[in-house]
Amino acid sequence: MSSSFRAPKGVSEYVPPRADLFYAIREAFAEQARLAGYGYLELAVFEDTNLFRRGVGESTDVVSKEMYTFEDRGGRSLTLRPEFTASVLRSVLENNLHKGALPVKVWTTGPAFRAERPQQGRYRQFYQLDLEAIGSEDPQVDAETIAIAWNWYRSLGLTRVRLLLNSLGCKECRPAYRALLQDFLRGLDLDDDTRARVEINPLRVLDDKRPQVRDQVAGAPLMADHLCPACKAHHDRVRELLAGLGIGWEDTPALVRGLDYYTRTTYEFDHPLLGAQSGIGGGGRYDGLSEDIGGPPLPGIGFGLGLDRTILALEAESQQEQGAAFAVRPRCEAFGVALGDAAGRRMFTLVDELRRAGIAADMAFGGKKLKGAMKDADRSGARYAVILGERDIADGVAQVKDLAEGEQAAVPLADIITTLKERLSK
Ligand code: HAM
């Protein structure tokens, strides 16, 4: 019987062995970020509610419908972060990182919270990897962020990720386009909610998934055709750089992101095997965000990659291709089985010696007999069992058994570490 409690609805939790995969792919990302010179940030999980209102935007679903907002005991309005970018920028400014070398290159990870309708791939507590480069307008920085995400997906063995790319223009060219789009949308046959959206956030209407709206907006004017010369040059340069890196993309002129701060380059990573929640990551430029939250002019770009959906993508690919796309380092490589008290004591120190030598090792506890202990060895997933009886101790050896092949041989205790290391490296 389980306890009377369950995790709150919509929370994505991870337990072993899936949690091992979760942790390993996060570590793989940390390595990509390190290789590209991004420093790690550990941030507040809740913030002043106004940071998100002003940063992410009042007209977005994220802010208007999905925030977990509460009042603390001092009467302050706080919100569990629904995303990271506003917090990253807040922290960079608060800690004066922007007064050093630019761009400030940082990344962070952890849970984010949105009160959405839970379904496969859509949770109320979910996990992101977030990376941001703040303080440069150089299109090379745009392409660098994309390359980091791309290299991470490749390091996981994912082969079917698609990059969807667009430009949303800037404060010079977007207002005229927005007005043009509104004129077009006002002429359509739309329901009241959508009409209201036309006035507040017309770009979001382009993203409407319902067929009756979709069909009507098919001929809408597109930002890509109305970019100012500077935005067009920026966008062309990003595409040229991606081509130079061998990264394929799909120009997606109707790509609109769900957060208000985006300017110029915007992108999404999409996985075709995931159905409705196929967006496994997304990002873009936010050249006005710093000023929106009261900071100096400071352009920026970055992305948030969904860890939960990346795991679903890995599982979907490995199921289709019938092989693990990404190998998680084992939690146990050698499993100790000791028979009798003296052997149990020796085994306890031997397991610690193995761990100090970098071999993942575990042992049977509770004075189990041979049969039960060997069952534990099999369950542990270890490649080798190290079996120690009273007689072995007297002979100064242990029996090393290959659990897959079934072969067993006596190995001098003094040679156990080198023998196991050599065999495990094959
Ligand atoms: P976003 O597109 O809202 O962007 O979220 C990024 C990714 O987080 C999505 O592509 C998706 O994989 C994942 N995600 C979002 N909501 C959920 C959910 N309810 N359940 C599971 N996964 C989810 C941002 O958050 C921006 N801050 C990204 C960014 C960083 N842009 C510039 N810098």
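The values are calculated or read from the model by the stated rules, or taken from the named source; none is laboratory data. Quick caveat, the model's predicted, so the values are computed rather than measured. No Cβ is skipped: glycine too gets one built from the backbone with ideal geometry, and neighbour counts run over all protein chains shown. Only protein heavy atoms, including side chains, enter the accessible area calculation; ligands, DNA and RNA are left aside. Shrake-Rupley method; radii C 1.70, N 1.55, O 1.52, S 1.80 Å.
If the condition is being assigned to a helix (DSSP H, G or I), open to solvent by 10 Å² or more (accessible area, probe 1.4 Å) and either under 21 Å from Trp152 (Cα atoms) or touching a Leu at 6+ places or on another chain (Cβ under 7 Å) (or both), then region 291-313 contributes Arg309, Leu312. Flag: Gln277 does not match the condition of being more than 24 Å from Ala149 (Cβ to Cβ) and not small (Gly, Ala, Ser). Scanning region 1-22 for residues that are small (Gly, Ala, Ser) and closer than 19 Å to Glu116 by Cβ turns up Ala7, Gly10, Ser12.
I'd like to check something: does region 151-162 contain any residue that is of a type in the set (Phe, Trp, Tyr) and either modelled with pLDDT under 95 or crowded, with 22+ Cβ neighbours inside 10 Å (or both)? Yes; the residues of region 151-162 include at least one that is of a type in the set (Phe, Trp, Tyr) and either modelled with pLDDT under 95 or crowded, with 22+ Cβ neighbours inside 10 Å (or both). Number of residues in region 301-356 that are in contact with a helix residue (DSSP H, G or I) (Cβ under 9 Å, 6 or more places away or on another chain), at pLDDT 95 or above and aromatic (Phe, Trp, Tyr): the value is 2.
Out of contact with any strand residue (DSSP E or B) (no Cβ under 6 Å at 6 or more places or on another chain), within 9 Å of the ligand (Cβ to nearest atom) and either in the same structural domain as Met67 (by TED's automatic domain parsing) or open to solvent by 30 Å² or more (accessible area, probe 1.4 Å) (or both): is that true of Tyr286 in this structure? The answer is no for Tyr286.
Of all residues in region 211-231, those satisfying the criterion of being open to solvent by 60 Å² or more (accessible area, probe 1.4 Å) and out of contact with any helix residue (DSSP H, G or I) (no Cβ under 9 Å at 6 or more places or on another chain) are Pro211, Gln212, Arg214, Asp215, Ala218, Pro229. Per this entry, Ala101 is counted among residues that are in a loop (DSSP other than H, G, I, E, B), free of Cβ contacts under 8 Å to residues at least 12 places away in the same chain and among the aliphatic types (A, V, I, L, M).
Within region 301-323, the set of residues being near the ligand (Cβ under 7 Å from one of its atoms) and farther than 17 Å from Glu132 by Cα comprises Asp308, Arg309. Could you say whether any residue in region 265-280 is surrounded by 14 or more Cβ atoms within 10 Å (Cβ to Cβ) and closer than 14 Å to Cys170 by Cα? Within region 265-280 (the criterion being surrounded by 14 or more Cβ atoms within 10 Å (Cβ to Cβ) and closer than 14 Å to Cys170 by Cα), the answer is yes, since at least one residue qualifies.
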